[in-house]
Amino acid sequence: MVSRNRAIRLQMPALTQMQLEGLSDINHEPDWLRESRTAAWHLYNSLPMPSLKSEEWRRTDYTTIDWSTAGSLTEPQGVGFEVIPAENRLPLVGEQQGGLIAFVDGQLVHHELAESLSSQGVIFTDMHTAVREHGDLVRPALMTKAVKPDDGKFAAMNAAFWTHGVFLYVPRGCTVDLPLHSIFYTTQSGITLGHVLVVLEEGAHVTYLNEFLSASDVTRDTAFVGVTELLVGDRANLRYVSLQDWGRSVYDFRHERARVGRDGQLDWIIGTMGGHLTKDFAEIELDGQGGFARMSGLYFTDTNQLIDHDTQQNHNAPNTTSDLLFKGALKHDSRSVWQGMIRVLPDAQKTDGFQANRNLLLSEKARADSIPGLEILANDVRCTHAATVGKLEEEPVFYLMSRGMSREDAERLLVVGFFDPIMERIPFEGVRDRLAQHIEQKLSSEIAETV
């Protein structure tokens with residue numbers, strides 16, 4: 001017999017059609033979006049829960065979440081922009097803010113865009129405004145080209161019930177000189193469903209940072225169900241940085257997918273530091289000849305955190321290049337999972353694909369599962385992968401200690417250096433400094449209370 005508490009955990013939130021209609025009514029959504037939400041809601045109800053017996057999920061037991069507290073849609077409490085830490089609200093480069101959008105508990109609390117960018121036709125706004133005022137741009141792209149509602153239970157949930165999100169559109173040939181920035185911030189228990197949709201027309205260029213954050217005093221189970229869609233047109237160039245630093249009671253479920261056109265370029269950086277459990281599907285589709293994509297990831301787990309990245313590099317056209325590097329450090333009883341796949345379609349000749357995952361174990365109980373994979377259906381390609389799991393080597397530790405360092409300082413320096421190849425790819429000095437400070441804090445902390 002399944003206990004009542006166990007039964008609650010095994011059930012996904014029973015989100016209703018009345019809640020769906022309420023979302024649409026409050027935000028004055030057009031008919032096409034109402035219909036799309038309704039179709040996704042029916043799909044959500046029909047899809048099975050992710051099976052812990054499937055290869056995608058068997059190493060990540062998400063059923064520890066208590067949906068009785070984490071499954072209710074968060075009600076905004078009128079908390080303002082100022083609740084977000086000041087350091088996260090600063091301009092990314094210099095003193096001028098290119099654009100900043102911030103949400104607290106799913107409610108828009110701040111929006112600004114430099115006039116120099118809006119005058120070029122750049123659209124950087126919240127999703128509710130976008131579907132009302134720019135439906136001709138949003139409708140063809142929203143969960144039709146990248147992430148699809150039938151990608152899984154959580155994807156369908158987001159398609160039906162997304163509560164807030166960001167829409168970025170850069171027109172043909174436009175180069176955005178100032179970086180753009182968005183923040184998803186949570187202060188209370190419940191579930192929020194965020195969405196990021198980026199559309200770059202042919203020859204467009206932009207740099208964009210998105211952050212997922214929460215208050216440290218959120219102590220009951222909280223869930224974030226997110227979708228990210230990056231559509232990079234022919235000869236367009238997108239640098240996208242996504243940093244997650246949720247509190248330790250947050251369960252993070254995300255589907256993220258990018259599509260890159262002919263001679264397009266994508267530089268995607270993923271940082272994962274917080275949360276209790278993270279399950280992130282991050283996929284790249286190289287659709288056009290000459291397309292290039294680089295995906296870089298860093299994560300640092302401690303206490304009883306579990307972080308699971310499931311990456312895919314799909315080469316759908318000839319002469320495409322993908323390069324993936326994920327690096328992680330683990331302390332205490334924490335765990336990480338990285339599952340990666342390079343897939344090359346039959347006509348995608350001259351493909352060049354690489355993936356690597358490096359893990360550094362800083363305690364006897366920490367565990368890292370690293371599972372690279374190749375699926376090659378063409379005969380003229382160069383695809384390689386590598387994965388390592390190990391401890392700090394004694395030789396460099398001894399060398400640094402022989403130069404007067406304590407063991408603690410020597411180990412700290414080596415771990416910081418371990419992350420350098422990823423940190424150097426983050427284009428914002430202030431963000432790099434914040435991440436470095438967080439790494440230092442994790443290195444110097446003792447075992448915290450478990451969630």
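The values are calculated or read from the model by the stated rules, or taken from the named source; none is laboratory data. For clarity, every value in this text was computed on a predicted model and none was experimentally measured. Methodologically, a virtual Cβ is constructed for each residue, glycine included, from the backbone with ideal geometry; neighbour enumeration extends over all protein chains shown. Note: accessible area is taken over every heavy atom of the protein model, side chains too, but ligands, DNA and RNA are not part of it. Shrake-Rupley method; radii C 1.70, N 1.55, O 1.52, S 1.80 Å.
Note on surface exposure: H181, H438 rank H438, H181 by accessible area, highest first, 1.4 Å probe. Note on T129 and N45: with the Förster distance fixed at 22 Å, the Cβ-Cβ geometry gives a FRET efficiency of about 0.15.
Available extension along the chain between A14 and R403 is 134.0 nm, counting 0.36 nm per residue and deducting the alpha carbon span.
In sequence order, region 278-291 has phi-based couplings of 10, 10, 10, 8, 10, 10, 10, 10, 8, 8, x, 4, x, x Hz under the Karplus curve 6.51 cos²θ - 1.76 cosθ + 1.60, θ = phi - 60°, and Gly or Pro positions carry x. Amide H to amide H distances under 5 Å link G275 with W246, G247, R248, V250, where only residues 5 or more positions off or on other chains count and H is placed in the peptide plane. Over region 239-290, Cα pairs under 8 Å with separation of 6+ residues give a relative contact order of 51 percent. When each of the peptides 267-275, 134-142 is scored by the mean number of other C-beta atoms lying within 10 Å of its residues, the order from highest to lowest reads 267-275, 134-142.
The calculated FRET efficiency for D31 paired with T69, based on their beta-carbon distance and R0 = 41 Å, is about 0.75.
Each of Q349, S406, L360 was placed along the dipole of region 264-418 (beta-carbon charges, centred on the mean Cα), and the one lying farthest toward the positive end is S406. About the centre of its Cα atoms, the chain shows a dipole size close to 980 debye [charges on the beta carbon of Lys, Arg (+1) and Asp, Glu (-1) only; nearest 20 debye]. The amide H of D105, built 1.01 Å from its N in the peptide plane, has Y185, T186, T187 as neighbours under 5 Å, considering only residues 5 or more places off or on other chains. Label-to-label distance, E56 versus Q289, with points set 7 angstrom from Cα along the beta-carbon direction: 3.3 nm. When the solvent-accessible area of region 235-392 is split by element, carbon and sulfur atoms take up 44 percent of it, the probe being 1.4 Å. Measuring nothing but how far apart in sequence close Cα pairs (under 8 Å, 6+ apart) lie, relative to its length, the chain scores a relative contact order of 10 percent. Counting only heavy atoms of protein chains, what accessible area per residue, in Å², does region 191-241 have with a probe of 1.4 Å? On a per-residue basis, region 191-241 sits at 24 Å². For region 63-117, the relative contact order is 31 percent, taking Cα pairs closer than 8 Å that sit 6 or more residues apart in sequence and dividing their mean separation by the residue count. Region 218-274 and region 337-390 have Cα centres spaced 20 Å apart. Return the subset of K327/K365; K279/K350; K279/K442; K53/K350; K145/K279; K153/K442 for which the Cα-Cα distance in this structure is over 29 Å, preserving the input order. With Cα atoms farther than 29 Å apart: K279/K350; K53/K350; K153/K442. Rolling a 1.4 Å probe over the protein heavy atoms leaves S216 with an accessible area of roughly 120 Å². Scalar couplings 3J(HN,Hα) for region 327-335, obtained by applying the Karplus form with A = 6.51, B = -1.76, C = 1.60 to θ = phi - 60°, are 10, x, 10, 9, 10, 6, 9, 6, 9 Hz; x denotes Gly and Pro. At q = 0.10, 0.12, 0.14 Å⁻¹ the log10 of I(q)/I(0) for the chain amounts to -0.71, -1.05, -1.46, computed by Debye summation with a single uniform scatterer per C-alpha, solvent ignored.
Centre-to-centre separation between the Cα atoms of region 29-50 and those of region 102-147: 21 Å. Mind listing the phi-derived Karplus ³J(HN,Hα) values for region 118-127, rounded to whole Hz, using 6.51, -1.76 and 1.60 with θ = phi - 60°, and x for any glycine or proline? Rounded to whole hertz, the list is 4, 5, 8, x, 6, 10, 9, 8, 6, 5.
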